[in-house]
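Participant: Encoded as structure tokens, here's the structure I'll be asking about.
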Amino acid sequence: MPALRTEAVTAGYGRSPIIHDISVTAELRSVTTIIGPNGAGKSTFAKTLVGILKPMSGRIFVGDTETTKLPGHEIPRRGLVYVPQNDNVFKRMSVRENLEVGGFVSKADPSERIDELFQIFPDLAKAKDKKAGFLSGGQQNLLAIARALMAKPTVIVLDEPTAGLSPAYTSVVWEQIERISQLDTAALVVEQNVERALKHSNYVHIFVAGRSHVHGPAEEIAALDLPSIFLGRSVADQPA
Amino acid sequence: MLYYVFTLVFFLFDYFILAMGLNIQYGATGILNFAYIGFVAVGAYMTGVAGMPSNITGQHYILGLGLPFPLNTLFGGLSAMAMAVIVALITLRRLRTDYLAIVLISLSLVLYDFCNNFVPLFNGADGLYNVPAPLTKALGLNVNSFIVVFACVTGVVALILWFVMARVTNAPLGRSLRAIRDDSTVAGALGKDVFRMQLKSMLIGSFYAGIGGGLLIQFGGSFNPTAWLPGETFVVFAVLIVGGAGNNIGMFVGALLVETLLIHLPAFLPEIPGHPGLIEYIDSALVGIVLMVMLWTRPQGIVPERVRRAVTFGVPDRPEIDARELGSAEVLGAPVAAATEGAK
């Protein structure tokens, strides 16, 4: 059973749908990435998964639990957590407090988990008493990922986790995402950087104009003429 | 002289209580409650009508329970909390930031007009007067000694409420409120029920507002709509901004500087020759100037919010960790060296 499954999800803002009939699955121990041009509905889809937006139609399952109609704050308790794009940390709180907030859904003492995460993210251990707003952009993104991992999720949804980062930090973040996915977690990543996405993902969806235009294993997607797909051409139009 | 000093002491502690209430709402949770003075008024009126007997002639008001101190004050605090539930249900579910602030200030104006014009509620524009001064009969106090004793009682109440507030803001609840203040969307995505948390913050803050209002009406013996013009909310905001939003000690410092020294102390100063009555109006200008200077030069306030250094959980409290020291350690089934490779 996939860790995350959506069935023909349509969602948007107000009465205007932005994404249409999106069906996506994400398996445990794999990285599923959604790429596409600006305005394709990638972030809208991520927000729909985590309950910030409610689907107009379709269904969402985390494991065998349907989360379609659950309020947003209930969804992390079902195993799905979200790392938003940019401004994704509590800037006036310390690094450690940020992590403690992430452990809210777990009834266990957060100390052991924080210990584990500080060893995975040594940069955060060094800065544990700093205000999160004083961290670099890359460190803030790592903190947001670490905070999401506090809940020991089965699915982690990351919205453009490398946006605005240097190439060096982009590599660090992607390597961490790959590692996280191996910890009995499904990673679903919304990404603008196509090259990185194809390099680090197992499965890729290309969103164009609010629809999952093409999807498949990363190596098969890499063989396609992506620029023309981004411009809206179908796979059938691809040169042989 | 004693009368002047203890009047200032009363206002210091009363505004310390009021500022702590606003601090948990705005400083800790980010709720821009421009109707705060309305909750103070509800606390004051309800304390008044809970303490007054039902048979005072010449005044029209509800209840008249004749409750003794501190039960009447507690009643005022709980009434302000009940008001907070109604206001929160109207506003917090759908509104944020400036929209929330606009609706709250509008609600405050509606409440003000209602109390001002609906005489059977709290005696309309005349307000309540001859509110019994607590403890006078029991302790045999006269007018002057009442001021001294009641200022001290207010100080004790303020210290108890400060102790409770410190416990709340340092507890996981306080951490959750600060997370919502920093980013309510992210907090919600991490499993926080944002509305419920904001409601808790509103309830706690409103209780403090009600208690502060209750003490105010008993100290002065009267309360009418001129005491809670909507602009009064901004005096409490000035206390909070000058003291340092998010820090309870800052609220004491803010109350000392703004409410005590800038607003009430000038009233006791001698008149400026040739300008009778001028000094009475100078306080508002002083508060405005101080507020602007603070926002320009030190927006975090005199006593800024501190970064909470939580207890060390298992991880050694060392300043730096060299990733190479962790090279062979297995963390969650994967070698750390692989994870840190990219960072080098």
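The values are calculated or read from the model by the stated rules, or taken from the named source; none is laboratory data. Just so it is clear, the model here is predicted, and its values are computed rather than measured. Using ideal geometry, Cβ is built from the backbone for each residue, glycine included, and neighbour counts are taken over all protein chains shown.
Participant: Kindly establish whether B:Leu240 is assigned by TED's automatic domain parsing to the domain that holds B:Val9, hydrophobic (A, V, I, L, M, F, W, C) and crowded, with 22+ Cβ neighbours inside 10 Å. Full working, then the answer.
Facilitator: On the way: assigned by TED's automatic domain parsing to the domain that holds B:Val9: yes; hydrophobic (A, V, I, L, M, F, W, C): yes; crowded, with 22+ Cβ neighbours inside 10 Å: yes.
Yes: the conditions hold for B:Leu240.
Participant: May I ask you to verify whether A:Ala46 is buried (at least 23 other Cβ atoms within 10 Å of the Cβ), in contact with a Phe, Trp or Tyr (Cβ under 8 Å, 6 or more places away or on another chain), closer than 16 Å to A:Arg211 by Cβ and modelled with pLDDT under 90? Steps first, answer last, please.
Facilitator: Numbers: buried (at least 23 other Cβ atoms within 10 Å of the Cβ): yes; in contact with a Phe, Trp or Tyr (Cβ under 8 Å, 6 or more places away or on another chain): yes; closer than 16 Å to A:Arg211 by Cβ: yes; modelled with pLDDT under 90: no.
The answer is no for A:Ala46.
Participant: Quick check on this structure: which one of A:Ala46, A:Ala40 is under 30 Å from A:Asp225 (Cα atoms), out of contact with any Ser or Thr (no Cβ under 7 Å at 6 or more places or on another chain) and within 12 Å of chain B (Cβ to nearest Cβ)? Spell out how you get there, then give the answer.
Facilitator: On the way: A:Ala40 fails: within 12 Å of chain B (Cβ to nearest Cβ).
Exactly one of A:Ala46, A:Ala40 is under 30 Å from A:Asp225 (Cα atoms), out of contact with any Ser or Thr (no Cβ under 7 Å at 6 or more places or on another chain) and within 12 Å of chain B (Cβ to nearest Cβ), namely A:Ala46.
Participant: For A:Asp123, are the conditions met, namely being in a helix (DSSP H, G or I), more than 21 Å from the chain's Cα centre (by Cα) and either within 7 Å of another protein chain (Cβ to nearest Cβ) or under 27 Å from A:Gly164 (Cβ atoms) (or both)?
Facilitator: Values: in a helix (DSSP H, G or I): yes; more than 21 Å from the chain's Cα centre (by Cα): yes; either within 7 Å of another protein chain (Cβ to nearest Cβ) or under 27 Å from A:Gly164 (Cβ atoms) (or both): yes.
For A:Asp123, the condition - in a helix (DSSP H, G or I), more than 21 Å from the chain's Cα centre (by Cα) and either within 7 Å of another protein chain (Cβ to nearest Cβ) or under 27 Å from A:Gly164 (Cβ atoms) (or both) - is met.
Participant: Among the residues of the stretch B:104-116, is any of a type in the set (Gly, Ala, Ser), over 16 Å from B:Val49 (Cα atoms) and part of a helix (DSSP H, G or I)? Break it down into steps so the answer makes sense when it comes.
Facilitator: Taking the stretch B:104-116 and keeping what is of a type in the set (Gly, Ala, Ser), we get B:106, B:108.
With the extra rule that they be over 16 Å from B:Val49 (Cα atoms), the set shrinks to B:106, B:108.
Subset that is part of a helix (DSSP H, G or I): B:106, B:108.
Among the residues of the stretch B:104-116, at least one is of a type in the set (Gly, Ala, Ser), over 16 Å from B:Val49 (Cα atoms) and part of a helix (DSSP H, G or I), which makes the answer yes.
Participant: Related question: Of everything in the stretch B:194-223, what is over 16 Å from the mean Cα position of the chain (by Cα), more than 14 Å from every other protein chain (Cβ to nearest Cβ) and either in a helix (DSSP H, G or I) or surrounded by fewer than 20 Cβ atoms within 10 Å (Cβ to Cβ) (or both)? Give them in sequence order.
Facilitator: Pass one, the stretch B:194-223, residues over 16 Å from the mean Cα position of the chain (by Cα): B:194-197, B:217-223.
After this cut, where a residue has to be more than 14 Å from every other protein chain (Cβ to nearest Cβ) as well, the list is B:217-223.
B:Ile217, B:Gln218, B:Phe219, B:Gly220, B:Gly221, B:Ser222 - these are the residues of the stretch B:194-223 that are over 16 Å from the mean Cα position of the chain (by Cα), more than 14 Å from every other protein chain (Cβ to nearest Cβ) and either in a helix (DSSP H, G or I) or surrounded by fewer than 20 Cβ atoms within 10 Å (Cβ to Cβ) (or both).
Participant: If you don't mind, there's one more thing I want to ask. Working only within the stretch A:121-130, note down all residues that are in contact with a helix residue (DSSP H, G or I) (Cβ under 8 Å, 6 or more places away or on another chain) and crowded, with 17+ Cβ neighbours inside 10 Å.
Facilitator: A:Phe121, A:Pro122, A:Asp123, A:Leu124, A:Ala125, A:Ala127, A:Lys128
Participant: Now for a different question. Only one of these is more than 21 Å from the chain's Cα centre (by Cα), more than 8 Å from chain B (Cβ to nearest Cβ) and part of a helix (DSSP H, G or I): A:Gly133, A:Gly103. Name it. Walk me through how you get there before you give the answer.
Facilitator: Values: A:Gly103 fails: more than 21 Å from the chain's Cα centre (by Cα).
Testing whether each residue is more than 21 Å from the chain's Cα centre (by Cα), more than 8 Å from chain B (Cβ to nearest Cβ) and part of a helix (DSSP H, G or I) leaves just A:Gly133.
Participant: Here is a further query. Going through the stretch B:134-184 one residue at a time, which ones are in contact with a Gly (Cβ under 6 Å, 6 or more places away or on another chain) and among the small types (Gly, Ala, Ser)?
Facilitator: Scanning the stretch B:134-184 gives no hits.
Participant: I need the helices (runs of 4 or more DSSP H) fully contained in the stretch B:1-99, keeping only those with at least 3 residues that are crowded, with 16+ Cβ neighbours inside 10 Å and more than 20 Å from the chain's Cα centre (by Cα). Steps first, answer last, please.
Facilitator: On the way: elements: B:2-22, B:36-51, B:71-91.
Because the criterion is at least 3 residues that are crowded, with 16+ Cβ neighbours inside 10 Å and more than 20 Å from the chain's Cα centre (by Cα), the helices (runs of 4 or more DSSP H) in the stretch B:1-99 that meet it are B:36-51.
Participant: Among the candidates B:Gly191, B:Gly174, single out the residue that is in contact with a Lys or Arg (Cβ under 8 Å, 6 or more places away or on another chain) and either assigned to a helix (DSSP H, G or I) or surrounded by 20 or more Cβ atoms within 10 Å (Cβ to Cβ) (or both).
Facilitator: Values: B:Gly174 fails: in contact with a Lys or Arg (Cβ under 8 Å, 6 or more places away or on another chain).
That would be B:Gly191, the only listed residue that is in contact with a Lys or Arg (Cβ under 8 Å, 6 or more places away or on another chain) and either assigned to a helix (DSSP H, G or I) or surrounded by 20 or more Cβ atoms within 10 Å (Cβ to Cβ) (or both).
Participant: Tell me which of these A:Gln139 doesn't satisfy, since it passes every other one: (1) farther than 20 Å from A:Met93 by Cβ; (2) assigned to a helix (DSSP H, G or I).
Facilitator: Failed condition: (1).
Participant: Then there is this: As an exercise: evaluate B:Ala238 against (1) closer than 18 Å to B:Ser108 by Cβ; (2) in contact (Cβ under 8 Å) with a residue 60 or more places away in the chain; (3) not β-branched (Val, Ile, Thr) and give the number of the one condition it does not meet.
Facilitator: (2)
Participant: Suppose we filter A:Ala3, A:Ala11, A:Ala26 for residues that are touching a helix residue (DSSP H, G or I) at 6+ places or on another chain (Cβ under 8 Å) and either among the small types (Gly, Ala, Ser) or within 14 Å of chain B (Cβ to nearest Cβ) (or both); which single one remains? Even if it seems obvious, please write down each step before you answer.
Facilitator: On the way: A:Ala3 fails: touching a helix residue (DSSP H, G or I) at 6+ places or on another chain (Cβ under 8 Å); A:Ala26 fails: touching a helix residue (DSSP H, G or I) at 6+ places or on another chain (Cβ under 8 Å).
Residue meeting the stated conditions: A:Ala11.
Participant: Would you be able to say whether some residue in the stretch A:73-81 is more than 10 Å from chain B (Cβ to nearest Cβ) and not charged (D, E, K, R)?
Facilitator: Yes, the stretch A:73-81 contains a residue that is more than 10 Å from chain B (Cβ to nearest Cβ) and not charged (D, E, K, R).
Participant: Of the residues that make up the stretch A:53-70, is at least one out of contact with any strand residue (DSSP E or B) (no Cβ under 6 Å at 6 or more places or on another chain), more than 9 Å from chain B (Cβ to nearest Cβ) and part of a helix (DSSP H, G or I)?
Facilitator: Scanning the stretch A:53-70, I find no residue that is out of contact with any strand residue (DSSP E or B) (no Cβ under 6 Å at 6 or more places or on another chain), more than 9 Å from chain B (Cβ to nearest Cβ) and part of a helix (DSSP H, G or I), so the answer is no.
Participant: Identify all residues within the stretch B:149-171 that are crowded, with 20+ Cβ neighbours inside 10 Å and of a type in the set (S, T, N, Q); write none if there are none.
Facilitator: B:Thr154, B:Thr169
Participant: Still on this model: Going by the structure shown, is A:Asn98 out of contact with any strand residue (DSSP E or B) (no Cβ under 6 Å at 6 or more places or on another chain), within 11 Å of chain B (Cβ to nearest Cβ), closer than 30 Å to A:Gln140 by Cβ and at pLDDT 90 or above? It would help to see each step written out before you state the result.
Facilitator: Numbers: out of contact with any strand residue (DSSP E or B) (no Cβ under 6 Å at 6 or more places or on another chain): yes; within 11 Å of chain B (Cβ to nearest Cβ): yes; closer than 30 Å to A:Gln140 by Cβ: yes; at pLDDT 90 or above: yes.
When the stated conditions are applied, A:Asn98 passes them.
Participant: Assess whether A:Ser57 counts as being in contact (Cβ under 8 Å) with a residue 60 or more places away in the chain and among the hydroxyl-bearing types (Ser, Thr, Tyr). Before you say what the answer is, go through the steps one by one.
Facilitator: Values: in contact (Cβ under 8 Å) with a residue 60 or more places away in the chain: no; among the hydroxyl-bearing types (Ser, Thr, Tyr): yes.
When the stated conditions are applied, A:Ser57 does not pass them.
Participant: While we're looking at this one, here's another question. So in the stretch A:106-120, with the set limited to residues that are touching a residue at least 24 places away in the same chain (Cβ under 8 Å) and assigned to a loop (DSSP other than H, G, I, E, B), which one is farthest from the other protein chains (Cβ to nearest Cβ)? Break it down stepwise before answering.
Facilitator: Residues of the stretch A:106-120 that are touching a residue at least 24 places away in the same chain (Cβ under 8 Å), as a first pass: A:106, A:110, A:113-114, A:117, A:120.
Still in the list and also assigned to a loop (DSSP other than H, G, I, E, B): A:106, A:110.
Working: A:Ser106: 9, A:Pro110: 7 Å.
The residue in question is A:Ser106.
Participant: On to the next question. Look at B:Thr233 and say whether it is hydroxyl-bearing (Ser, Thr, Tyr), assigned to a helix (DSSP H, G or I), touching a helix residue (DSSP H, G or I) at 6+ places or on another chain (Cβ under 7 Å) and at pLDDT 80 or above.
Facilitator: On the way: hydroxyl-bearing (Ser, Thr, Tyr): yes; assigned to a helix (DSSP H, G or I): yes; touching a helix residue (DSSP H, G or I) at 6+ places or on another chain (Cβ under 7 Å): yes; at pLDDT 80 or above: yes.
Here the answer is yes, as B:Thr233 does meet what is asked.
Participant: While we're here: Go through the stretch A:72-120 and count every residue that is buried (at least 24 other Cβ atoms within 10 Å of the Cβ) and out of contact with any helix residue (DSSP H, G or I) (no Cβ under 9 Å at 6 or more places or on another chain).
Facilitator: Adding up the residues that qualify gives 0.
Participant: Restricting to the stretch B:130-169, and then to whatever is touching a residue at least 24 places away in the same chain (Cβ under 8 Å) and not in a helix (DSSP H, G or I), can you tell me which residue is farthest from B:Thr47 (Cα to Cα)?
Facilitator: So the residue we want is B:Leu135.
Participant: State whether one or more residues within the stretch A:29-42 are touching a Gly at 6+ places or on another chain (Cβ under 7 Å) and without any contact (Cβ under 8 Å) to a residue 60 or more places away in the chain.
Facilitator: No.
Participant: Among the residues of the stretch B:117-129, which ones are crowded, with 19+ Cβ neighbours inside 10 Å and either of a type in the set (Ser, Thr, Tyr) or assigned to a helix (DSSP H, G or I) (or both)? Write out each step before concluding.
Facilitator: To start, the set of residues in the stretch B:117-129 that are crowded, with 19+ Cβ neighbours inside 10 Å comprises B:122-123, B:127-128.
B:Phe122, the sole residue that qualifies.
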